[in-house]
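S.K.: Mind having a look at this structure? Questions to follow.
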Amino acid sequence: MDGITAITQRMAAIQATVATLAPPAPKPAATAASATAFGAVLDQAVARTAPAPAPAAATKPAAVFVDGVPADLAPYGNGRVPADALEPVGSTGHKLWAPAAGALEDVLAAAARDGVTIGITDSYRSFDAQVDVAQRKGLYSQGGLAAKPGTSPHGWGLAVDLKLDATAQAWMRANGGRFGFVEDTPREPWHWVYRG
């Protein structure tokens, strides 16, 4: 639906621009010259309203969720996403869902520009790793620090546990939302989830 809206808006912008241009007065009979003149005016209008194309390198995967789950990973199941369906977060050795990985790379770069260092302690977690964390740290619902295995956003490649000092924590709280990350778990200030 967004595509249709964008096309409709684009057509309206072109029509509005064409209406403001003063094409040469038409001659009594249609000629090749008048068609050429109209073509020149149309080209000028399109050039005035056309958005600059985005560079190919800047294109990031679209974040498509269905009930909070990445649509392209849903068929695998939480914690059962194959490694090749995830994207590396730079050279950190961590992997996330592609849109989350790109956004986290942007977070790390922006923080670094501001003189802030943010580390990553955990990212995608397989189902077996979720079971291990739950056994070691206890379930959140029982006062522990782990989600019930198969329900963690780590199992979709959406969550990261960050290594944050006080400055980095303040930076994330002030800026994380700009990149689609939210701090959504009380008692876990290191846990950030990508919501797009």
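The values are calculated or read from the model by the stated rules, or taken from the named source; none is laboratory data. Only a predicted model underlies this, so the values are computations on that prediction, with no experimental measurement involved. Cβ sites come from the backbone with ideal geometry, for glycine too, and all protein chains shown count toward neighbours. The area values use the complete protein model at the heavy-atom level, side chains included, leaving out ligands, DNA and RNA. Shrake-Rupley method; radii C 1.70, N 1.55, O 1.52, S 1.80 Å.
S.K.: What does the charge count near R187 come to, summing +1 for each Lys or Arg and -1 for each Asp or Glu among other residues with Cβ under 15 Å from its Cβ?
M.R.: After counting each charged neighbour, the total is -3.
S.K.: For the pair R178 and D132, how long in nm is the line joining their label points, each one 7 Å along Cα→Cβ?
M.R.: 3.6
S.K.: Evaluate the Debye formula for segment 94-137 with equal point scatterers sitting on the alpha carbons, no solvent, and hand back log10 of I(q)/I(0) at q = 0.19, 0.34 Å⁻¹, in q order, two decimals.
M.R.: -0.69, -1.14
S.K.: How large is the Kirkwood hydrodynamic radius of segment 70-196, counting all unique pairs of alpha carbons, in Å?
M.R.: Value: 14.7 Å, from the Cα pair sum.
S.K.: In Å², and per residue, what accessible area does segment 75-196 have when probed at 1.4 Å with the other protein chains present?
M.R.: Here the residues of segment 75-196 average 49 Å² of exposed surface.
S.K.: Moving on. Counting only protein heavy atoms and a 1.4 Å probe, tell me what percentage of segment 64-145's accessible area is made up of carbon and sulfur.
M.R.: Looking at segment 64-145 in its full context, I get 50 percent from C and S.
S.K.: Any chance you could tell me what percent of the C-alpha pair distances in segment 65-127 go past 18 Å?
M.R.: Summing the P(r) of segment 65-127 above 18 Å gives 39 percent of all pairs.
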